[in-house]
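Heads up: the structure comes next, in structure tokens.
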Amino acid sequence: MSKELVFGHQNPDTDAIVAAKAFSYLQNKLGYDTEAVALGNPNPETNFVLNYFDEPTPRVIKTASNEVDSVMLVDHNEFQQSVSDIKDVTITHVVDHHRISNFQTEQPLFYRAEPLGCCSTVIVKMFDENKIEIPAQLAGLMLSAIISDTLLLKSPTTTDQDKIAVKTLAEIADIDYEKYGIEMLKAGTNVAAKSDQELIDSDAKSFTMGGKSVRIDQINVVDFEDIDNRKDDIKNAMTKEAADKNYDLFLVLVTNVLNSDSKLLAVGEPLDAVEKAFNAKFANDTMPLPGVVSRKKQVVPPLTDALS
Ligand code: MN
Ligand code: MN
């Protein structure tokens, strides 16, 4: 069997990196020959996690077809979020927890999607189903991915299965997950260390909604002031990036991870559709979104509706 690469989405978050490592480990136990790689460098939160558990940083690839014929996707399926030459390789497996969009294959494949809070939770279930033990170090990584995706089990995307997985993994890794989780989330919020360009790019994803090209970034903070002070510069960077990359609409969701509230910054058109989506108004270019923390569940669906 020839080697396959396993990877999460571009601009990887902790789940994209960890789910690739976990799924690669599981598949190798089941007889495949895989390597977990990444489509970008880990963000500060993920670096904290990799350091904490003494886990090597994955190799970053730009293209896949130069080294393998087939690949396995985790934590994404939409082609515009995947490797640039995704159409030149065969997708043999997908394990994901997002909507399915802009995805098609020529060959039959293994596809598992569950509406859970984290892709790593789906993989925890697959370890269990296959009676493969999760090593302590990998349990720590997967625990971190679930904490990251669910904001310590507070996001509305959180399911009972995520909660069970966190407890199981915390036991295997022997970690006080609440204490560790706050430390980890804070490690990912150091916005002062990032340029405006880094801020608007590092957790951004592209979507097609009602024929519009929509870019949505999320910035985690522990204090909105960190962003308020730089709002004009950030908006200038968003305007320039939207022009360069032909985005109709560029949204940045600024999320306070300590109290689970967000503010939305937007440039482009149509802004009235954004106001309609959230039933709220922009004031000083900012829309308060109390209780909104999930791009996937609380931003993409209403925006898709409003733009369709
Ligand atoms: Mn992700
Ligand atoms: Mn995820």
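The values are calculated or read from the model by the stated rules, or taken from the named source; none is laboratory data. Since the model is a prediction, treat every value here as computed from it, not as a measurement. Glycine gets a Cβ as well: all are built from the backbone with ideal geometry, and neighbour counts include every protein chain shown.
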Within the group 131, 167, which residue is modelled with pLDDT of 95 or more, loosely packed, with under 15 Cβ neighbours inside 10 Å and in a loop (DSSP other than H, G, I, E, B)?
131
Scanning region 1-48 residue by residue, those within 16 Å of ligand 2 (Cβ to nearest atom) and part of a loop (DSSP other than H, G, I, E, B) turn out to be 8, 9, 11, 12, 13, 40, 42, 43
Does residue 15 qualify as being at pLDDT 95 or above, at positive phi and either not β-branched (Val, Ile, Thr) or not assigned by TED's automatic domain parsing to the domain that holds residue 90 (or both)?
no
Name the single residue, out of those in region 103-121 being without any contact (Cβ under 8 Å) to a residue 60 or more places away in the chain and in contact with a strand residue (DSSP E or B) (Cβ under 7 Å, 6 or more places away or on another chain), that is farthest from residue 296 (Cα to Cα).
107
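This table checks each residue for (1) hydroxyl-bearing (Ser, Thr, Tyr); (2) in contact with a helix residue (DSSP H, G or I) (Cβ under 7 Å, 6 or more places away or on another chain); (3) part of a strand (DSSP E or B).
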position: 62; (1), (2), (3): no, no, no
position: 66; (1), (2), (3): no, no, no
position: 73; (1), (2), (3): no, no, yes
position: 84; (1), (2), (3): yes, no, no
position: 92; (1), (2), (3): yes, no, yes
position: 98; (1), (2), (3): no, yes, no
position: 103; (1), (2), (3): no, yes, no
It is to be established whether one or more residues within region 264-278 are at pLDDT 95 or above and under 21 Å from residue 189 (Cβ atoms).
yes
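So that you can scan it fast, the table gives a plain yes or no per residue for (1) under 19 Å from the mean Cα position of the chain (by Cα); (2) over 21 Å from residue 202 (Cβ atoms):
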site: 252; (1), (2): yes, no
site: 265; (1), (2): no, no
site: 271; (1), (2): no, yes
site: 293; (1), (2): yes, no
site: 296; (1), (2): yes, no
Filter region 89-101 for residues that are away from ligand 1 (no atom under 16 Å from the Cβ) and farther than 10 Å from residue 74 by Cα; which is surrounded by the most Cβ atoms within 10 Å (Cβ to Cβ)?
91
In the set 26, 50, the lone residue that is closer than 22 Å to residue 177 by Cα, more than 13 Å from ligand 1 (Cβ to nearest atom), surrounded by 14 or more Cβ atoms within 10 Å (Cβ to Cβ) and among the aliphatic types (A, V, I, L, M) is 50
Mind checking which residues of region 160-208 are small (Gly, Ala, Ser) and without any contact (Cβ under 8 Å) to a residue 12 or more places away in the chain?
195
State yes or no: is residue 218 surrounded by 15 or more Cβ atoms within 10 Å (Cβ to Cβ), over 30 Å from residue 134 (Cα atoms), of a type outside the set (A, V, I, L, M, F, W, C) and touching a residue at least 12 places away in the same chain (Cβ under 8 Å)?
yes
Condition check for residue 92: modelled with pLDDT of 95 or more and in contact with a Gly (Cβ under 7 Å, 6 or more places away or on another chain)
no
